[in-house]
Amino acid sequence: MASQVVSFPASAASAASEPQVSSEKFLFHISLFIIAIIGVVFFYRLPRAIALFGSPEWLSGHILRYIPFGPTRPVSQARRIVQAYYRTYPPPNQPPSPTLQGHDMLSDESHTMANHQQNFKRVDALGHEVEMQYPTHIASCPSFMRWTLNTLRHRTTPNYSVGQVIILTGYFWILIYATFFNSNFFVDYNRVGWISVAQLPFVMAYATKNNVLGTLLGMGYERLNFLHRFAGRIVIIAANLHGIGFTYKWSLAGTFRAQIAEPKNAWGLLALICLDVLFLFSLAYWRQRAYNIFFMVHILCFSLLMPALWHHRPELIPYVLGVLGLYGLDYVFRFFKTRVVTATIRPLPELDLTRIEIPTINAGWRAGQHVRVRILSTGVGWLGWTEMHPFTIASVASSDHLIGNRHSNASDRWRGGGGGEEGMVLMCKNAGTWTRRLFEMAKMSGYVDGFIGREVKLWIEGPYGGSGHVNFASFSAAVIVVGGSGITFGLSVVKDLVEKDLKGMSRVKAIELVWSVPDPASLIPLLPTLATLINQSVFTPLRISVHYTRATPNPPSIPSIPGLSLSPGRPRLAKIVDYAVSKALSIGTQFDFRGNQPEQDEKGGRGVGRSHSRRDKDSRHGHGHYATEGTEAQLKIDVDVGMVETRDKEDIQDITGVIVGVCGPVELSKDVVNAVETIDGERRNRVGGIEIHEEVFGW
C-alpha cells in the first residue's frame with residue numbers, strides 16, 4: 001500500500017509533464033483557424049471585388065507598360081463632341097447676381113460659363129445623348145453597422161486605430177489559447193517553439209510587396225504592415241521563451257554544454273540569434289534613419305534563419321518551404337513588374353522636390369498607386385544606386401489622358417499633369433539624404449525640351465498600393481485632403497475622377513481637393529495644372545482650396561481662377577466634409593459650381609441628375625466655340641474618341657455616399673477622421689455613408 005501511495009504522485013507528475021495533445025498538429029489547426037478567419041474577411045469583401053470586375057479598373061494596376069499615344073481612327077472620325085446647353089445667367093425672371101450689379105454685360109462676358117448657371121449633357125457627333133455607365137457601388141459595411149465606423153476609425157495612438165487594436169487583440173488571444181490549451185507553459189517549452197515557427201509564413205504573407213493576402217482582401221501591402229509587425233513580435237517572444245526554457249532546464253540538469261553541442265540545438269541557437277538581431281534592427285530608429293542597414297540585416301538574418309530552422313528539426317521543413325514559397329512568389333512578380341528606363345529629372349525649387357518624367361511608361365497603374373525607384377547613377381552617392389524609394393504616381397495612365405493635353409504648351413505639361421504623351425510623372429520630396437542628392441543632381445544639369453533637366457537611367461518597380469477594391473468613381477462626392485508632397489496622390493485621384501466623368505463612367509458629382517502646405521509659394525508651379533483641372537471638370541464641380549500654415553508677410557499674388565482659393569491657416573475639414581455631404585444629398589437637383597440653391601424644373605419638381613460647373617471665358621478659345629440663339633447658348637467641346645461613348649440614357653443616379661481620401665502625416669489623417677466624426681449620424685445614413693481612404697506618411 002505504501003509503495004502504491006508513493007508511486008501515484010510520481011505518475012501524476014509524469015502525466016502533467018507530458019503534453020496531452022501533439023503541439024505540431026495543434027498549431028497546424030490553429031494556423032488553419034487563422035486562415036479561415038482571413039477567408040471570412042475575404043468573402044465579406046468579395047462583393048466589392050466583383051463590382052470592380054465590372055469596370056476597366058481591375059485590368060489596371062498590375063503591370064507597367066507603354067501604349068502608343070494617338071487616335072486609332074482617321075482624323076475625320078477621331079473626334080466626338082460634348083455639347084453643353086445652358087441658360088443665360090441670371091434668368092429673365094430673377095434679378096442679377098450682386099456680384100454682377102454695376103457691371104455692363106459685354107457679349108464675351110455673357111457667353112462665359114463662369115457667369116452662367118448651366119445644364120450640361122453629353123452627346124456624340126450625331127447629336128445622340130451618351131449613356132452614363134455608372135460603376136457599381138458597394139458600401140464598405142451594411143447600413144445597420146455604420147454607427148460603428150466612427151469608433152473603429154478613431155486612433156488610440158498615432159499608429160493604431162480602434163479597429164486595428166481589436167484585430168490585434170483577437171489575434172493575441174488566439175495565440176494565448178494556443179499556448180495554454182492542454183499544455184503546462186512552465187514544463188512544455190516545445191509549444192511556444194511551435195507557435196513561433198507556425199507564425200513565420202504569416203509574417204512573410206503580411207510583408208511581401210506582391211501580397212497574396214492583400215490581393216485577396218483588396219489592400220496594399222502597406223495596410224497589412226501592422227499585422228506583419230505584430231506577428232513578427234510574437235515570433236520573437238515565443239522563440240525566446242522556447243530558448244530560455246530549454247536553457248533553464250539544461251542548466252538545472254547540468255547538461256547545458258553537452259546539449260548545446262548537439263548540431264540540432266546549435267542550429268536552433270543560431271536561429272534564435274538571427275531572430276533577435278533582426279528584431280533589434282527593425283526598430284523605428286533603424287527603419288527611419290538607416291533604412292539600408294535595416295534592409296541588409298533583414299536579408300542576412302533571413303538567409304541564415306531558413307537553413308538554421310531546416311537543420312534544427314525536420315518537422316519544421318513544411319513551414320520553411322511555405323516561407324520560401326511566398327518569398328519566391330513575391331520576387332517572381334517583382335521580375336515582371338520591373339523596368340529599366342531612361343527618365344528625365346527636373347528640379348522644382350518652389351515645391352522643394354524633384355520631378356521625374358518617364359515617357360516610355362504611360363499605362364498600367366491606377367490613381368493613387370506608387371512605384372519603387374532606384375537611380376542607376378553615382379550622382380545620388382556611391383551606394384545610392386542600391387537604395388529603392390517609394391513615390392506616388394502623380395499622372396494618369398495613357399488611356400486616361402485629359403482633354404487638352406495636346407493643346408497645352410510645354411511649360412504647362414512639365415510643371416504638373418502627366419499621362420498621355422508625357423508618360424509617368426513622379427514628384428520626389430526632399431525628405432532625406434538620397435532625395436536631397438537627387439534634387440542637387442537635377443539642378444546641376446543642362447536643358448531637356450527647353451527646360452532644366454537631365455536624363456538618367458532608372459530602375460522602376462511596381463505599381464503597388466492604391467485604393468484596392470475601393471472605386472472612388474462609384475461615390476456621389478469625393479473629398480481629397482493632402483498635405484505637402486501628398487499632392488501627388490491628390491492630383492492623380494482628381495485627374496482620374498475628372499477623366500472618368502468626361503467618359504460618363506463616374507457617379508461623382510462634386511470634388512473637393514484640399515491641399516495644406518507650409519509655404520504659399522508652393523502653389524505657383526502647380527497653378528497651370530490646377531487651372532487645367534478646373535477647366536476640364538465640365539460636368540462635375542471641382543473646388544480646390546490651398547491652405548498655408550507658415551506665417552508669410554507677403555504671400556504671393558495668384559491670378560483669379562474660379563474654383564481655386566489660397567487661404568492662411570489650417571483647413572476647416574469638418575465644414576468641407578459637410579459641404580460635400582450636402583452636395584451628395586443634392587443629387588437630382590441642379591447646383592451651380594458656387595453652391596447656389598437648387599433650381600426647380602419646369603414642373604416644379606427636382607431636375608434630372610445633371611451636375612454643373614464653370615469655366616473661365618478663355619477656355620472657349622482652345623476647346624470649342626459658342627453659338628448664341630435667343631436666350632439659350634451652346635458650347636461645343638472637342639474631345640478624343642475615347643472620352644465619350646454613344647448611348648441614350650439620362651444622367652440620373654442614386655446617392656452612393658461620400659469618399660474622403662487623405663494623404664499626408666498621421667496628424668492630418670487623424671484630423672480627417674475627427675472631421676468625419678462630427679457629421680450627424682442621420683446625415684451620414686441619408687448620404688449612404690462616409691468612407692475614408694488613408695495614405696499615411698512613414699511606417
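The values are calculated or read from the model by the stated rules, or taken from the named source; none is laboratory data. Given the structure is predicted, the values throughout are model-derived calculations rather than measurements. Cβ: placed from backbone, ideal geometry, glycine included. Neighbour counts: every protein chain shown. Keep in mind that these areas ignore ligands, DNA and RNA; they rest on the heavy atoms of the full protein, side chains included. Shrake-Rupley method; radii C 1.70, N 1.55, O 1.52, S 1.80 Å.
Some observations on this one:
- Residue selected from region 347-383 under the condition under 13 Å from Ile460 (Cα atoms) and among the charged types (D, E, K, R), by the criterion surrounded by the most Cβ atoms within 10 Å (Cβ to Cβ): Glu357
- Taking the conditions (1) at pLDDT 90 or above; (2) closer than 30 Å to Leu573 by Cα; (3) of a type in the set (D, E, K, R) in turn, Glu461 satisfies each one other than (2).
- Count of region 658-675 residues, restricted to those that are among the β-branched types (Val, Ile, Thr) and surrounded by fewer than 23 Cβ atoms within 10 Å (Cβ to Cβ), is 2.
- Against the numbered list (1) touching a residue at least 12 places away in the same chain (Cβ under 8 Å); (2) farther than 27 Å from Gly486 by Cβ; (3) surrounded by fewer than 18 Cβ atoms within 10 Å (Cβ to Cβ), Met296 comes up short only at (1).
- Any hit, region 323-339, residues being surrounded by fewer than 21 Cβ atoms within 10 Å (Cβ to Cβ) and in a strand (DSSP E or B): yes
- Filter result for Asn685 (surrounded by fewer than 20 Cβ atoms within 10 Å (Cβ to Cβ), at pLDDT 60 or above, in contact with a helix residue (DSSP H, G or I) (Cβ under 7 Å, 6 or more places away or on another chain) and assigned to a helix (DSSP H, G or I)): yes
- Positions within region 457-486 being open to solvent by 10 Å² or more (accessible area, probe 1.4 Å) and aliphatic (A, V, I, L, M), in sequence order: Val470
- Checked against (1) assigned to a helix (DSSP H, G or I); (2) of a type outside the set (A, V, I, L, M, F, W, C); (3) at pLDDT 85 or above, Pro9 passes all but condition (3).
- Test: residue in region 160-174 that is assigned to a loop (DSSP other than H, G, I, E, B), open to solvent by 20 Å² or more (accessible area, probe 1.4 Å) and either at pLDDT below 95 or out of contact with any Leu (no Cβ under 9 Å at 6 or more places or on another chain) (or both): no
- Residue that is modelled with the highest pLDDT [pool: residues in region 531-570 that are in contact with a Lys or Arg (Cβ under 9 Å, 6 or more places away or on another chain) and among the polar types (S, T, N, Q)]: Ser565
- Of residues in region 487-523 being of a type in the set (S, T, N, Q) and in a helix (DSSP H, G or I), the one surrounded by the fewest Cβ atoms within 10 Å (Cβ to Cβ): Ser522
- In the set (1) surrounded by 15 or more Cβ atoms within 10 Å (Cβ to Cβ); (2) part of a helix (DSSP H, G or I), His137 fails one condition alone, (2).
- Subset of region 253-279 that is more than 51 Å from the chain's Cα centre (by Cα) and not in a helix (DSSP H, G or I) - its residue that is surrounded by the most Cβ atoms within 10 Å (Cβ to Cβ): Thr255
- Consider region 183-200 and keep the residues that are open to solvent by 30 Å² or more (accessible area, probe 1.4 Å) and at pLDDT 90 or above. The one that is farthest from Pro318 (Cα to Cα) is Tyr189.
- Residue in region 299-311 that is open to solvent by 60 Å² or more (accessible area, probe 1.4 Å) and among the polar types (S, T, N, Q) present: yes
- Residues of region 280-316 that are within 16 Å of Gly432 (Cα to Cα) and outside any helix (DSSP H, G or I): Ala290 alone.
- Test: residue in region 177-189 that is of a type in the set (A, V, I, L, M, F, W, C), touching a residue at least 24 places away in the same chain (Cβ under 8 Å) and part of a helix (DSSP H, G or I): yes
- If you go through region 546-584 and pick out every residue that is surrounded by fewer than 16 Cβ atoms within 10 Å (Cβ to Cβ) and within 18 Å of Leu668 (Cα to Cα), you end up with 8.
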